[in-house]
Amino acid sequence: MIQILTGFAVIALAVLVGWIAGRTGVLGPGARPVLARLNFNVLAPFLLFSVLSTADVASLFSTLLPVSAIAAVLVMLAFGLVSLLVWRRGLARTVIGSLASGYVNGNNFGIPIAVYMLGDAAYSAPIVLLQLLLFAPIALAVLGARVEGRTSTIAIVRSTFTNPIIIGSLAGVLVAVSGLELPPIVLEPIELIGHAAVPLMLIAYGLSLHGQRLLEPGTGRRDVLVATVLKLVAMPLVAWVFGRFVFGLDGIELYAVTVLAALPTAQNVFNFAQRYDTAEIVARDTVFLTTVGSVPVLFAVSLLLG
């Protein structure tokens with residue numbers, strides 16, 4: 001388990017660097033929006049292309065996919081119903097809260113945890129591909145329509161397929177499906193730029209923590225707490241129940257889907273919230289709480305199922 005804690009420590013250091021930069025003001029007052037645009041429009045598309053263009057797309061159809069999809073969709077729907085019908089939140093804010101409840105950190109958390117807890121990084125591939133190819137496009141289309149005022153179907157479709165995140169993801173999938181093997185002279189420069197995305201996302205997240213208190217009144221504490229409980233408690237339980245009693249999984253497969261469901265909220269959710277200036281604090285606080293809270297949850301899953 002020391003390797004898992006090492007992974008958390010690496011991420012914590014990047015967040016701490018961002019917080020220190022915010023506290024000292026070394027990056028200036030305009031750092032946060034600049035980093036947000038850089039991550040969303042440049043670095044993340046390069047990262048997603050490099051990941052997906054070399055991925056085994058066939059793994060999307062593994063036995064892990066339906067269980068992971070059901071667990072994610074159910075908890076996101078649960079948050080969405082409470083947000084829309086009980087709290088009367090707007091649709092854009094509800095989308096961010098729903099993503100915070102069920103969009104897992106399958107890359108910079110999921111891959112090392114899959115390696116150290118499950119013995120194979122490939123276990124994280126189905127949920128990563130599902131999120132990039134289904135959840136993210138739908139969420140970004142809704143956010144673009146609601147926040148930027150697009151109402152026509154043509155405008156929504158155009159904005160969706162001109163979104164840098166979607167372009168990078170689709171281009172990567174097309175390369176993977178075609179079986180084209182990109183030469184190093186093409187792939188390595190793309191990977192170099194993409195590798196800057198994760199640390200800069202974490203530094204941007206650290207910047208957002210400066211001058212703010214977690215769970216501050218008036219910032220959506222109910223949203224954060226409900227999303228956190230859904231993510232850390234409900235989602236792993238749903239994955240275990242459906243995996244065990246509906247799909248008949250056992251052994252390493254049941255362990256794997258439960259571990260994947262217990263991963264913290266993805267940093268991408270905060271990136272989306274920043275880009276569309278919607279529920280940014282809700283996303284920030286949920287990422288923080290689920291990241292810290294996932295440590296005991298993952299240990300518990302390991303003791304019970306591993």
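The values are calculated or read from the model by the stated rules, or taken from the named source; none is laboratory data. Quick caveat: nothing in here was measured; it's all calculated off a predicted structure. Here Cβ is always computed from backbone atoms with ideal geometry, including for glycine, and neighbour counts include all displayed protein chains.
Observations on the model:
- Extreme residue, farthest from the chain's Cα centre (by Cα), among residues of the stretch 253-271 that are hydrophobic (A, V, I, L, M, F, W, C), in a helix (DSSP H, G or I) and buried (at least 24 other Cβ atoms within 10 Å of the Cβ): ALA256
- Test result for ALA72, buried (at least 24 other Cβ atoms within 10 Å of the Cβ) and modelled with pLDDT of 85 or more: yes
- Scanning the stretch 210-233 for residues that are buried (at least 18 other Cβ atoms within 10 Å of the Cβ) and farther than 17 Å from ASN105 by Cβ yields a total of 3.
- Contacts under 7 angstrom Cβ, first residue in the stretch 63-83 being aromatic (Phe, Trp, Tyr), partner assigned to a helix (DSSP H, G or I), 6 or more apart: PHE79/GLY97; PHE79/SER98; PHE79/SER101; PHE79/VAL226; PHE79/ALA227; PHE79/LEU230
- All positions within the stretch 122-164 that are assigned to a helix (DSSP H, G or I), at pLDDT below 85, under 20 Å from the mean Cα position of the chain (by Cα) and of a type in the set (S, T, N, Q): SER124, THR160
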